[in-house]
1. At 1.4 Å probe size, with the rest of the protein present, what percent of the exposed accessible area of segment 43-113 is carbon and sulfur atoms?
2. If you put +1 on each Lys and Arg Cβ and -1 on each Asp and Glu Cβ, how big is the dipole of segment 1-102 around its Cα centre, in Debye rounded to 20?
3. How much net charge surrounds Y102 when only the other residues with a Cβ under 14 Å from the Cβ of Y102 are counted, with Lys and Arg +1 and Asp and Glu -1?
4. Taking +1 at the Cβ of each Lys and Arg and -1 at the Cβ of each Asp and Glu, which of P98, S113, T66 sits farthest along the dipole of segment 57-113 towards its positive end, judged by Cα position relative to the Cα centre?
5. For segment 1-42, which whole percent of the accessible surface, found with a 1.4 angstrom probe, sits on carbon and sulfur atoms?
6. What's the extension gain from N81 to S60 if we count 0.36 nm per residue and subtract their Cα-Cα distance?
7. In square angstrom, what is the accessible area per residue of the chain with a 1.4 angstrom probe?
8. Can you give me the Cα centroid spacing of segment 1-48 and segment 71-113 in angstrom?
Amino acid sequence: QLQASGGGLVQPGGSLGLSCVASGNIISANRMGWYRQGPGLQRELVATATSTGDVDYDDSVKGRFTISRDNAKNTVYLQMNSLKPEDTAVYYCKISYPLRDYWGQGTLVTVSS
């Protein structure tokens, strides 16, 4: 199971850090990712990180968001800086293991003045 947290209300230009804690170890995960679903929109990929250390970001967040992991804490993070109103969405974490994927429950990020 995954437990996501860290969402909230922030002003444009502000920062938030999301956390996703796994009940099991993440060392054996193939890939970790953060997705988001804005109002009336489909869920989209925000950032991914593979077990080999490769990371990728959607063009809309490059240079502003950073995905990272702490294996000792079984946690995946998403640091979000320079937030924009269009970043408003429910953010979901996903961890992919060889046999199945796990999704977190989502955490709401609202960027508004």
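The values are calculated or read from the model by the stated rules, or taken from the named source; none is laboratory data. What you see is a predicted model, and the numbers here were worked out from it, not measured in a lab. All Cβ positions, even for glycine, are placed from backbone atoms using ideal geometry, and neighbour counts span all protein chains on display. Heavy atoms of the whole protein, side chains included, go into the accessibility calculation; ligands, DNA and RNA do not. Shrake-Rupley method; radii C 1.70, N 1.55, O 1.52, S 1.80 Å.
1. On the way: 1780 of 3750 Å².
Carbon plus sulfur share of accessible area: 47 percent.
2. Numbers: 10 positive and 9 negative charges, 41 e Å.
Charge dipole of segment 1-102: 200 debye, to the nearest 20.
3. Numbers: positive: R31, K94, R100; negative: D101.
Within the 14 Å Cβ shell, the charges total +2.
4. Farthest towards the positive end: P98.
5. In segment 1-42, the share of accessible area belonging to carbon and sulfur is 49 percent.
6. Working: separation 21, 0.36 × 21 = 7.56 nm, distance 1.23 nm.
Taking N81 through S60 to full extension adds about 6.3 nm, to one decimal.
7. On the way: 5990 Å² over 113 residues.
It amounts to 53 Å² per residue over the chain.
8. With segment 1-48 and segment 71-113 each reduced to a Cα centre, they are spaced 0 Å.
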